[in-house]
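What follows is a short report on a single structure.
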Amino acid sequence: MLQPSDLSSPFRGRPRLLWLALLLFFVISLAGCASLQTTADQNEELLLVEEVIIGMLLIAVLVGIIAHNLRIPYTIGLVLIGLILAVGIQAKIQVPPNLILSILVPPLIFEAAFHLNFDDLKENRAHILTLAFGGVLLTCGVAALIVHWGSGMALSSALVFGAVIAATDPISVVSLFRRLGLSNRLRILMEGESLFNDGTAIVIFHLVINSLFSDSPTGNFASVFLEFVKVAGGGLVVGAILGFLVSEIISRIDDHLIETTLTTILAYGAYLIGELLGVSGVLA
């Protein structure tokens, strides 16, 4: 049986070919990004998006190789190249926010939760909940004050903005932690906090919104509390039911292709079903 070490790379011992291949990738990537500047009718919009995605993936591969050779974090390289592309290319393409949330968020959140040990989560639950509730509240308040003082935006509107950005996702930060070999407990705290901060941000968001359109603080608090129970609790229930069903199916199957397919369906399915039911797809 062939082993991976038995297979020789066409670039082994030929660095010039490697850099020529990378240069070709880079040219193709720029061509894909340059297509953003062209005007396309509705029938060609799908092809345009496909070209952009392929171009961005090629750029991501190139950045990853260069970052590895320069021994810098991969995520920092992506941020830098993203800033360069944002400044250098005047893109005229509209990407619906729901497309980003429904395509990119589910597998990222699922991967983080899937590799998080439940015993570690239970052991650090006090610190995780402190960060998920107190940390989000603090972040929301600080962000709102900065926006309020810096831009003159009304404090109520600034609080809405703070609630929107307070629930951050630490995928890139955790990836950097792994690369640097930092404390595993620090990674657990950040990943655990990211699983619960969504519910806190939802509560803050609805509380601020309701306070702007209602004169009854008591009614506000009661409605927000019920909304929190529905959104957060409902998301956890949906995730628990779907996770149990899929785990039961996988336990009776010994085929890695089917198992991979089922976990992919679960990652997206839990999110979509949660959103369709009006509960938190992220928590699901």
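Looking at segment 151-168 only, could you name the residues that are buried (at least 16 other Cβ atoms within 10 Å of the Cβ) and assigned to a helix (DSSP H, G or I)?
Passing the criteria: A158, L159, V160, F161, G162, A163, A166.
Looking at (1) touching a helix residue (DSSP H, G or I) at 6+ places or on another chain (Cβ under 6 Å); (2) outside any helix (DSSP H, G or I), find the lone condition where E191 falls short.
Failed condition: (2).
For segment 108-135, which residues satisfy the criterion of being closer than 27 Å to G269 by Cα and aliphatic (A, V, I, L, M)?
Within segment 108-135, L108, I109, A112, A113, L116, L121, I128, L129, A132 qualify.
With the requirement that a residue be surrounded by fewer than 14 Cβ atoms within 10 Å (Cβ to Cβ) and either within 19 Å of I209 (Cβ to Cβ) or in contact (Cβ under 8 Å) with a residue 12 or more places away in the chain (or both), what does segment 126-145 give you? Walk me through how you get there before you give the answer.
To start, the set of residues in segment 126-145 that are surrounded by fewer than 14 Cβ atoms within 10 Å (Cβ to Cβ) comprises 126, 130, 134, 138, 142.
Listed by number, the list holds a single entry, V142.
If R185 meets every condition in (1) open to solvent by less than 60 Å² (accessible area, probe 1.4 Å); (2) in a helix (DSSP H, G or I) apart from one, which number is that one?
(1)
Can you tell me which condition A113 does not meet? The list is (1) at pLDDT 85 or above; (2) surrounded by 14 or more Cβ atoms within 10 Å (Cβ to Cβ), and all the others hold.
Against the list (1) at pLDDT 85 or above; (2) surrounded by 14 or more Cβ atoms within 10 Å (Cβ to Cβ), A113 comes up short only on (1).
For the condition of a type in the set (V, I, T), loosely packed, with under 12 Cβ neighbours inside 10 Å, assigned to a helix (DSSP H, G or I) and at pLDDT below 80, what is the one hit in T200, T218?
Numbers: T200 fails: loosely packed, with under 12 Cβ neighbours inside 10 Å.
None of the others qualify; the one that does is T218.
Can you name the residue in segment 227-240 that is farther than 11 Å from G274 by Cβ and at pLDDT 85 or above and is also least open to solvent (accessible area, probe 1.4 Å) among such residues?
Selected residue: G233.
Any residue at all in segment 169-177 that is open to solvent by 70 Å² or more (accessible area, probe 1.4 Å) and free of Cβ contacts under 8 Å to residues at least 60 places away in the same chain?
So far as segment 169-177 goes, no, none of its residues is open to solvent by 70 Å² or more (accessible area, probe 1.4 Å) and free of Cβ contacts under 8 Å to residues at least 60 places away in the same chain.
The values are calculated or read from the model by the stated rules, or taken from the named source; none is laboratory data. Keep in mind that what you see is a predicted model, and the values were worked out from it rather than measured. Positions of Cβ are backbone-derived with ideal geometry, glycine not excepted, and every protein chain shown enters the neighbour counts. Side chains included, ligands, DNA and RNA excluded: accessible areas come from the protein's heavy atoms. Shrake-Rupley method; radii C 1.70, N 1.55, O 1.52, S 1.80 Å.
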